[in-house]
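Worksheet: one structure, shown below.
The values are calculated or read from the model by the stated rules, or taken from the named source; none is laboratory data. Note that this is a predicted model, so its numbers are computed, not measured. Cβ placement follows ideal geometry from the backbone for every residue including glycine, while neighbour counts extend to all protein chains displayed. Note: areas computed on protein heavy atoms with side chains; ligands, DNA, RNA excluded. Shrake-Rupley method; radii C 1.70, N 1.55, O 1.52, S 1.80 Å.
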Amino acid sequence: MAYALIAGIDPRFGLYSAIVVTFVASVFGSSSHLINGPTNAISLVVFSALAFLNPDARSDLYQATFLLAIMVGVVQILIGVFKLGDLTRYISESVVIGFMAGAGFLVALGQVGNLLGIKDRGTGHQHVLLRFWLTVSQGGIPNRYAVGIGLGTIFLVLILRKLSRRYRLPQMDMLMSLIAAAVVATYFGWSIPSAHGNALLSVVGNVPASLPAPHIPQIKFWWVKEMSSSALAIAFLGLLEALAIAKSIANHTRQQLDYNRQCLAEGLANLFGGFFQSLPGSGSLTRSAINYQAGAESRLSGVFAAAVVALVVLVLAPFARFIPKAALAGLLMVTAARLVDWKRLGYAIRASRYDAYLVSITCFSSIFISVEFSILIGVAVSILLFVPRASRLRGSELVVTRERVVRERVPDDPPCKDVIIYDLEGEVFFGSAPELDRCFDVLKQRARDADAGFIVLRLKRTRNPDMVFLERLEHFLHEVEREGRSVLLCGVRPDLAKPMTALRFQDWLPAGSVFLEEEELYSSTIKAVRRAYELLKDRSSSAPKEVAAGNQEELYYLV
């Protein structure tokens with residue numbers, strides 16, 4: 001019910017989601033312990049997605065909610081069908097942490113009016129910060145009964161959680177606090193309308209004691225256009241939540257998960273939910289954790305959970321009219337604080353500037369721009385920040401010692417005058433083309449300065465070669481050849497050897513110029529250097545000049 005209030009819709013639709021979405025996801029899912037249903041973050045994005053509608057037009061609001069659930073389900077089903085579930089792992093964890101921090105702040109901000117017992121002001125078209133300001137400045141005088149109930153609920157939740165942890169009791173702190181608040185408000189008559197006017201406290205209202213019925217939502221194409229970006233954001237956010245929770249529990253149980261099947265299950269759950277008057281949902285962290293801790297062994301536990309919620313709705317729904325909104329607001333304040341993973345937030349900020357930037361940008365964009373676009377913004381920024389990092393190449397000159405140890409050259413090593421050994425490390429794709437040109441220019445100038453006849457280019461640590469790299473490599477080899485030098489390629493991995501063969505490098509490269517990667521470290525490098533000195537010996541009857549390892553004798557020993 002609280003999650004439905006976050007989304008700005010009737011509480012019964014949150015209960016329906018806890019029945020339908022939970023049941024369908026458990027039947028078709030992959031995880032034995034994941035429990036689905038409405039969640040904080042998704043409910044907040046739903047509220048933002050529905051902001052284009054008039055909040056007083058309740059029928060349109062509900063119809064758009066069900067249509068949104070269907071749209072989210074279709075996107076998630078397509079992700080599962082086309083086997084794109086693994087792509088969710090490319091969304092940085094820092095983006096999710098930043099989103100959760102911003103979402104927690106917005107959840108708390110949105111409940112200030114209910115906590116103070118004042119009327120919400122503003123419209124869905126206005127920014128959340130502006131609506132907050134209008135609420136606190138024009139919403140009226142705070143209701144002392146609402147403030148008391150809300151703060152009392154928060155205090156009771158914190159005390160009961162501490163006691164449950166100390167004495168290892170079932171975590172029913174929120175449920176017991178809500179019941180206590182409802183009992184107190186009813187006992188003193190604060191939630192019951194008097195003969196002279198309204199009740200002192202605003203309550204949730206009547207929740208019908210009925211199960212969700214099949215329903216085809218109204219479709220307006222301009223609604224689809226307005227909600228399309230939000231549906232995409234909710235779909236990815238829901239999959240991130242569900243897969244992260246499932247993987248976390250699977251780390252303890254050693255269960256093998258099928259990510260694409262789970263994506264399909266999430267989509268089917270939301271699709272069916274949309275046709276059964278449900279709020280869009282995803283994997284619930286708290287419900288899944290309790291399910292696992294209670295000893296669940298299979299997906300039947302999710303079916304059981306859905307059945308119990310259905311039973312509770314049929315039996316206890318009429319009592320919802322005694323629950324003060326201020327008590328629910330208190331629960332959501334606690335939930336908002338727990339939504340922020342303070343430990344991991346601090347960890348991410350201290351880990352690196354890259355993670356700190358991602359967390360900050362995603363968090364601020366969720367607060368000041370749009371919560372549903374914040375994940376997309378975070379992902380875009382993570383790509384923009386990652387590509388320059390991925391495109392960095394490191395080039396270093398190597399030497400070989402008498403003991404046949406290959407190491408990086410230090411300033412004290414005499415300069416090489418016959419054979420230059422150069423190591424290239426990093427991602428060699430189109431984004432690294434400028435860095436690659438720089439490394440090749442440095443290497444060519446180094447060979448000119450030393451008047452070296454041979455270059456041994458080590459490629460063992462290069463990754464993901466593409467057309468751009470192969471073109472640059474071919475141009476480099478031809479340029480060096482025109483200058484009268486020879487290049488030997490060593491540590492060539494299969495992912496590079498295969499396209500070189502397909503492009504017929506072997507037709508113009510001298511025989512014995514390519515040394516494939518070997519299991520033993522630096523073995524192909526040693527062979528390439530030995531080959532260079534064999535060729536050098538054939539070219540000249542005189543002994544090689546002083547070389548990289550310190551003197552002629554050390555490298556000549558390799559021959």
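Observations on the model:
- Residue among L279, L268 that is part of a helix (DSSP H, G or I) and in contact with a helix residue (DSSP H, G or I) (Cβ under 9 Å, 6 or more places away or on another chain): L268
- Meets criteria (of a type in the set (A, V, I, L, M, F, W, C) and out of contact with any Lys or Arg (no Cβ under 6 Å at 6 or more places or on another chain)) for V224: yes
- Filter pass, L67 being part of a helix (DSSP H, G or I), of a type outside the set (D, E) and closer than 23 Å to L106 by Cβ: no
- Any hit, region 187-198, residues being within 21 Å of L316 (Cα to Cα) and in a helix (DSSP H, G or I): yes
- I35 vs. criteria touching a residue at least 40 places away in the same chain (Cβ under 8 Å) and touching a Lys or Arg at 6+ places or on another chain (Cβ under 6 Å): yes
- Only one entry of A244, A305 meets the criterion of being farther than 19 Å from I91 by Cβ and part of a helix (DSSP H, G or I), and that entry is A305.
- Among the residues listed as L489, L443, L496, L457, the single one being under 45 Å from the mean Cα position of the chain (by Cα), without any contact (Cβ under 8 Å) to a residue 40 or more places away in the chain, surrounded by 13 or more Cβ atoms within 10 Å (Cβ to Cβ) and assigned to a helix (DSSP H, G or I): L496
- Close pairs (6 angstrom Cβ cut-off, 6 or more residues apart or separate chains): touching a residue at least 40 places away in the same chain (Cβ under 8 Å) and in a helix (DSSP H, G or I) in region 501-527, open to solvent by less than 90 Å² (accessible area, probe 1.4 Å) and of a type in the set (K, R) anywhere: T525/R458
- Within region 24-39, the set of residues being crowded, with 24+ Cβ neighbours inside 10 Å and not in a loop (DSSP other than H, G, I, E, B) comprises V24, A25, S26, N36, G37.
- Summed over region 232-242, residues that are farther than 14 Å from G281 by Cβ and open to solvent by less than 50 Å² (accessible area, probe 1.4 Å) total 1.
- Subset of region 245-296 [open to solvent by 60 Å² or more (accessible area, probe 1.4 Å), within 18 Å of V308 (Cα to Cα) and under 21 Å from the mean Cα position of the chain (by Cα)]: T286, R287
- Residues located in region 172-191, provided they are open to solvent by 80 Å² or more (accessible area, probe 1.4 Å), modelled with pLDDT under 90 and touching a helix residue (DSSP H, G or I) at 6+ places or on another chain (Cβ under 8 Å): M172
- Matching residues in region 127-168 - criterion: being under 31 Å from the mean Cα position of the chain (by Cα), under 22 Å from G8 (Cβ atoms) and open to solvent by 60 Å² or more (accessible area, probe 1.4 Å): H127, L130, F132
- Each residue in region 401-440 was checked for being touching a residue at least 60 places away in the same chain (Cβ under 8 Å) and open to solvent by less than 60 Å² (accessible area, probe 1.4 Å), and 9 of them qualify.
- Looking only at region 460-477, residues that are of a type outside the set (A, V, I, L, M, F, W, C), assigned to a helix (DSSP H, G or I) and either surrounded by 16 or more Cβ atoms within 10 Å (Cβ to Cβ) or in contact (Cβ under 8 Å) with a residue 12 or more places away in the chain (or both) come to 2 in all.
- Some residue of region 45-64 being polar (S, T, N, Q), at pLDDT 90 or above, farther than 23 Å from A289 by Cα and part of a helix (DSSP H, G or I): yes
- Test: residue in region 376-396 that is closer than 20 Å to T39 by Cα and touching a helix residue (DSSP H, G or I) at 6+ places or on another chain (Cβ under 8 Å): yes
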